[in-house]
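A.B. asks: Below you'll find the structure I mean.
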Amino acid sequence: MKAYLAILSSRFRMLLQYRAAAVAGTITQIFWGWIRVMIFEAFYRSSDVVQPMSFEDVVTYVWLGQALLAMIPWNTDPEIRSMVRTRTVAYELLKPVDLYNLWYSRTIATRTAPTMLRSVPIFILGLAYFGMESPESTASAVAFGLAVIGAVMLSVALSTLLNISLMWTLSGQGITRITAAAVILFSGLTIPIPLFPDWAQTILRLLPFAGIADTPFRLYVGHIPPHEVIWVLAHQLIWTIILVVWGRLLLNRGLRVMVVQGG
Amino acid sequence: MSIANTLNLYWKYIGISIRAQMQYKVSFIMAAIGHFLITAVEFLAIWAMFDRFGSIDAWTLAEVALFYGMVHIAFSISEGAARGFDLFPSMVKSGDFDRFLLRPRSTAFQVASMEFQLLRIGRLLQAVIILGWAVTTLDISWTLPRVLLTIGAIGGGACIFSGFFVIQATLAFWTVESLEIMNTITYGGVEAASYPLAIYRDWFRRFFTFVVPLACVNYFPALAILGKPDPMGLPTVLGWLSPLLGVAFLWVTLQIWKVGVRHYTSTGS
């Protein structure tokens, strides 16, 4: 356990160095947030029907999505990609630690460090200027905090699975893009899940993607009452376990078939 | 150095680039499918919103599909063709650009023809499908001028986006850091122009009309095609001038590029 924590923290500290990228990312995400808010604004003023989510809640939901965007499992780790391609992944096997746990720990850092750098300014600016609201209640804030931890565990499990899939695809471009497309649409990042057609909701709530963004965000705005956090966490945990087991099986098979050339 | 000779050379370069990408066929097909899906979800999201709200400021889904199809076709063309400019900052960093200065062709031409990203066909394909759907669903009388305007607007749009890539590359002459901020305008512009500009707030509309003339190659021509007046009261004639504006924008960015080339000092590595 100590080894994994050390890997996590060293990786985390390294990633915190990319401040220029974080500034650029923050500006990009604010610009996107603006566009999205204006589009929702136009839709909401075009219809008198009472919607399943209020416009104010949607605005906050959009800014949460922008603030926590770097947490979303949308790409593979460039270093693991090059390790697999050049087969230096063999060195990883020499380390006296479990490879799955090793990759899982480093991915926690990959998903959290950039998020921390970007989310703070977006939260501050969003709350001050862009119509983002603070959590519905203290209980909602606590529930949101717990669900974000669950979301990170789930997101990291999916990212690790993508990283492992590199052992077959090498470039990983196809499978990663397809997964990214599913994540971006079904997690609620593009539009909040409650605004999807009613028939699609049941399926979308069962899929793992909702646990990455939608359920934590809805706990924040109070659209899901705080006492229901237990169901949100259960959903995240079940999917995390499934993805971890799947990832481990895949990794074991990958290591058996992998050929490392000498020299 | 006639134009025919230059074009011939361009096709040769493109041919080499495409053959190289086809060496990994499965990887290419997967990537293209992935690209198709990741851009198609954007339209799925728009569809879901219309399913819920019915319309956006009196614009229908088919009308929005026209805007969406036109801008995405334009963008995918420039994404495929001007990709070299996207890779350019790394050439400056490595000093590889020096070789281009020695060859008897313009630097802009060489950079542009460096790589043709075929996988962008994914975005192109989905945009063509959506534009096709819009065109058949909307009640438009397709006169020859309207057809030409549609093609011209897409061409003008491709010029504007290529201009963005040129500016982004030009900035690399002064700062070796890659400038992600330009991506914001490029991709943000695509996202924004997928909807009629009239739905946005004033400052934003002005930005994409006067600062970055994206609206001129998408919004105004689409209005002219639909035969709708601009809710903001700008003259429809603007739509018919748009393709020229796109070409003018690209020309201006290429002049800035030339200034950049004169300013270039090799990293020496």
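A.B. asks: List the lysines whose alpha-carbon lies under 26 Å from that of A:Lys2, not counting same-chain residues fewer than 8 positions away?
C.D. replies: A:Lys95
A.B. asks: Hey, what angle do you get for helix B:180-193 against the long axis of chain B, alpha-carbon based, 0 to 90 degrees rounded to 10?
C.D. replies: In chain B, helix B:180-193 runs at an angle near 30 degrees to the longest axis.
A.B. asks: So, one more: What ranking of B:Val92, A:Val49 emerges when the number of other C-beta atoms within 10 Å of each C-beta is taken as an exposure proxy, fewest first?
C.D. replies: Listed from fewest to most nearby Cβ atoms, that is A:Val49, B:Val92.
A.B. asks: To continue, here is another question. Based on other C-beta atoms within 10 Å, arrange B:Tyr10, A:Tyr129 from fewest to most.
C.D. replies: Fewest to most other Cβ atoms nearby, the residues stand as A:Tyr129, B:Tyr10.
A.B. asks: Before anything else, pin down the relative contact order of the stretch B:3-263: Cα pairs under 8 Å, at least 6 apart, normalised by residue count, whole percent.
C.D. replies: 25 percent
A.B. asks: A follow-up question, please. Students often forget the sequence filter, so: which aspartates and glutamates lie under 20 Å Cα-Cα from B:Lys93 once same-chain residues fewer than 8 apart are removed?
C.D. replies: The reachable aspartates and glutamates, counting only those whose Cα sits under 20 Å from B:Lys93, are B:Glu115, B:Glu177, B:Glu180.
A.B. asks: Give me the distance in nm between label points sitting 7 Å out from Cα along the Cα-to-Cβ direction at B:Thr137 and B:Ile181, one decimal.
C.D. replies: Inter-label distance under the simple model: 3.9 nm.
A.B. asks: Averaged over A:175-188, how many beta carbons belonging to a partner chain fall within 10 Å of each residue's beta carbon?
C.D. replies: Counting other chains' Cβ atoms within 10 Å and averaging over A:175-188 gives 4.
A.B. asks: What number, rounded to the nearest 500 deg cm²/dmol, is the helix-based mean residue ellipticity at 222 nm of chain B, given -39500 (n - 2.57) per DSSP H run of at least four residues and division by all its residues?
C.D. replies: Mean residue ellipticity at 222 nm (helix-derived): -24000 deg cm²/dmol.
A.B. asks: Please work out the FRET efficiency for the pair B:Ile151 and A:Val245, using the Cβ-Cβ distance as r and a Förster radius of 60 Å; give the result to the nearest 0.05.
C.D. replies: 0.65
A.B. asks: Continuing with the same structure: Could you list the trypsin sites (Lys or Arg not before Pro) in the stretch A:75-160 that lie in coil according to DSSP, counting only those with at most 14 other Cβ atoms within 10 Å of their Cβ?
C.D. replies: Sites meeting the loop and neighbour criteria: A:Arg87.
A.B. asks: Anyone know which of A:Gly188, A:Gly222, A:Gly65 comes out most mobile in the 10 Å Cα GNM of chain A?
C.D. replies: For chain A, modelled as a Gaussian network with Cα springs under 10 Å, the answer is A:Gly222.
A.B. asks: Now a separate question. I need the fraction of alpha carbon pairs in chain A separated by more than 31 Å, rounded to a whole percent.
C.D. replies: When every Cα pair of chain A is considered, 28 percent fall beyond 31 Å.
A.B. asks: Mind putting a number on the dipole of the stretch B:1-141 about its Cα centre? Charges go on the C-beta only, +1 for Lys and Arg and -1 for Asp and Glu, and I need it in Debye to the nearest 20.
C.D. replies: Dipole size: approximately 760 debye.
A.B. asks: Please give me the summed charge of the neighbours of A:Gln66: other residues whose Cβ is under 11 Å from its Cβ, Lys and Arg +1, Asp and Glu -1.
C.D. replies: Charge balance in the 11 Å sphere: +2.
A.B. asks: For chain B, find the longest principal axis of its Cα atoms and tell me its angle to the long axis of helix B:83-94, 0 to 90°, nearest 10.
C.D. replies: 30 degrees
A.B. asks: Can you pull the one-decimal nm distance between simple spin-label points at B:Trp47 and B:Ile33, each 7 Å off the Cα toward Cβ?
C.D. replies: Result: 1.9 nm between the two label points.
A.B. asks: Compute the separation of the alpha-carbon centres of the stretch A:39-79 and the stretch B:1-62 and state it in Å as a whole number.
C.D. replies: About 25 Å separates the Cα centre of the stretch A:39-79 from the one of the stretch B:1-62.
A.B. asks: Show me the helices of chain A, taken as full DSSP H stretches, that run 15 Å or more along their long axis by Cα and average -1.0 or above in Kyte-Doolittle hydropathy.
C.D. replies: Qualifying helices: A:2-15, A:19-45, A:55-67, A:99-129, A:138-169, A:173-186, A:229-257.
A.B. asks: Moving to a separate point now. Hey, what angle do you get for helix B:61-81 against the long axis of chain B, alpha-carbon based, 0 to 90 degrees rounded to 10?
C.D. replies: That helix lies at roughly 10 degrees to the long axis.
A.B. asks: Sticking with this structure for a sec: What is the Cα centroid distance between the stretch A:141-170 and the stretch A:6-24, reported in whole angstrom?
C.D. replies: For the stretch A:141-170 versus the stretch A:6-24, the Cα centre distance is 18 Å.
A.B. asks: While we're on this one: Please compute the modelled spin-label separation between B:Phe204 and B:Lys228, points set 7 Å along Cα→Cβ, answer in nm with one decimal.
C.D. replies: Reported label-point gap for B:Lys228 and B:Phe204 is 1.6 nm.
A.B. asks: Give the order of B:Val217, B:Val237, A:Val152 when sorted by the count of other beta carbons within 10 angstrom, beginning with the fewest.
C.D. replies: B:Val237, A:Val152, B:Val217
A.B. asks: Also, quick follow-up: Can you give me the long-range amide H partners of B:Trp59? Hydrogens built in the peptide plane at 1.01 Å from N, cutoff under 5 Å, separation of 5 or more residues or another chain.
C.D. replies: Amide H to amide H, under 5 Å and 5 or more residues apart or across chains, B:Trp59 pairs with nothing.
A.B. asks: Farthest toward the dipole's positive end in the protein assembly as shown, which of B:Gly15, B:Tyr68, A:Val49, given Cβ charges of +1 (Lys, Arg) and -1 (Asp, Glu) about the Cα centre?
C.D. replies: About the Cα centre, the residue reaching furthest to the positive side is B:Gly15.
A.B. asks: Lys and Arg at +1, Asp and Glu at -1: add these up for the other residues within a Cβ distance under 10 Å of A:Thr110 and post the number.
C.D. replies: So the environment of A:Thr110 carries a net charge of +1.
A.B. asks: Residue by residue through B:22-34, how many Cβ atoms from other chains fall within 10 Å of the Cβ on average?
C.D. replies: Neighbouring Cβ atoms belonging to other protein chains average 4 per residue here.
Every read-out reported here was derived from the displayed coordinates using simple, explicitly stated rules and does not represent laboratory data. This one's a predicted model, so the numbers in the text were calculated from it and none came from an experiment. Neighbour counts are summed over all protein chains in view; Cβ atoms, including those assigned to glycine, are modelled from backbone coordinates with ideal geometry.
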